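Structure record follows, encoded as structure tokens.
The values are calculated or read from the model by the stated rules, or taken from the named source; none is laboratory data. Keep in mind the model is a prediction, meaning the values are calculated, not measured. Positions of Cβ are generated from backbone atoms using ideal geometry, with glycine treated the same way; all protein chains shown enter the neighbour counts. The accessibility values were calculated without ligands, DNA or RNA, using every heavy atom of the protein model including side chains. Shrake-Rupley method; radii C 1.70, N 1.55, O 1.52, S 1.80 Å.
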Amino acid sequence: MGQLYLIPSPIGNLEDITLRAIRILKEVDLILAEDKRTTGFLLKHHNIQYKKMSAYHMHNEHATVSEIVNQILAGDNVALVTDAGTPGISDPGFLIVQECIRHGIVVECLPGATALIPALVNSGFPTDRFCFEGFLPAKKGKQTRLLQLQEETRTMIFYESPYRLVKTLQQLSDLFEPERKASVSRELSKFFEENKRGTLAELIEYFSAKTVKGEIVIVVAGKEDE
């Protein structure tokens, strides 16, 4: 029986990958990639020679997971890589991990890049207790989730698209109050990395006046205990 490796990939700077991850990517029988072009570029950058690569993403994971599990049961070692960050964190990965565990397959997740921790530490807010919300639901579900977080005292972390950043900040301001402290991190580990801190009102004003690009992490201070 083989095993499944979850390999964190760089969130920006291609040097942010461990020596162990590079070794395993060279050794496994199959690399599962969210986008084969993106992973191919990473492999080429690090001169990684691999045996085989297949697509594994949110649109085909239910159709392919049984076949992949059977390959591992037959003896193949498989590595899962997403476009950026750790598989399973707001990226494909949960389903195959669940199925491998159900079949008694060893699952090994390597430590490595993820956007939420650098954004949290950069924010300057308490890090001893925090909650990660990932991407908020769309439409009505988003408002419901934020209402549930109104009394949250821990630091809160959200992923967001640059196209929805200002709208989400406005919703946070409406529900949490405009003077609540927050931080927006974008393009983490890249040349144009930016960490902007301030009140929600200040962040709305700042980002409304510019074109926003890149992956976004919003960190919001928890409600102060009365």
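Brief remarks on what is shown
- Carbon/sulfur fraction of accessible area - the chain, other protein chains in place, 1.4 Å, %: 51 percent
- Comparing F192, P8, H45 along the charge dipole axis of the chain, the residue lying farthest to the positive side is H45, per the Cβ-charge model.
- Net length gained if the chain between F94 and D225 were fully extended (0.36 nm per residue, minus Cα distance): 43.7 nm
- Calculated FRET efficiency, S66 to K44, Cβ-Cβ distance, R0 = 35 Å: about 0.70 to the nearest 0.05.
- Ordered by solvent-accessible area of protein heavy atoms (1.4 Å probe), largest first, the residues T199, T114 come out as T114, T199.
- When the chain is treated as a GNM with alpha-carbon contacts under 10 Å, the residue of A113, A74, A33 showing the greatest mean-square fluctuation is A74.
- In this rough spin-label picture, where each label sits 7 Å from Cα along the Cβ direction, the M1-N122 distance is 4.1 nm.
- Within the listed set L32, L120, L147, the Gaussian network model of the chain (springs between alpha-carbon atoms below 10 Å) gives the highest mean-square fluctuation for L147.
- Kirkwood-based Rg to Rh ratio, segment 5-106, C-alpha trace: 0.94
- Considering only alpha-carbon pairs that sit under 8 angstrom and 6 or more positions apart, the relative contact order computed for the chain is 22 percent.
- Segment 98-128 and segment 62-82: distance between their alpha carbon centers, rounded to Å: 21 Å
- Length available on full extension from E205 to D35: 0.36 nm per residue minus the Cα-Cα distance, which gives 57.7 nm.
- Using alpha-carbon coordinates, inclination of helix 61-73 to the longest axis of the chain, degrees: 40 degrees
- At a probe radius of 1.4 angstrom, the accessible area of the chain per residue rounds to 53 square angstrom.
- When both bridge partners sit in the chain, DSSP labels roughly 50% of those beta bridges antiparallel.
- The distance between label points at S54 and E27 comes to 2.2 nm (points 7 Å beyond Cα on the Cα→Cβ vector).
- Inter-part distance where segment 152-225 and segment 7-48 are each reduced to a Cα centre, Å: 30 Å
- Cα-based convex hull, segment 14-55, per residue volume (Å³, whole number): 63 Å³
- 0 to 90° range, to nearest 10: angle between helix 36-45 axis and the chain longest Cα axis: 80 degrees
- Relative contact order of segment 1-80, taken over Cα pairs closer than 8 Å and 6 or more residues apart, is 50 percent.
- Here the dipole of the chain is about 520 debye; that uses its Cα centre as origin and unit charges on the Cβ of Lys and Arg (positive) and Asp and Glu (negative).
- Kirkwood-Stokes translational diffusion coefficient of segment 96-169, alpha-carbon pairs, 4 °C, 1.567 mPa s, µm²/s: 86 µm²/s
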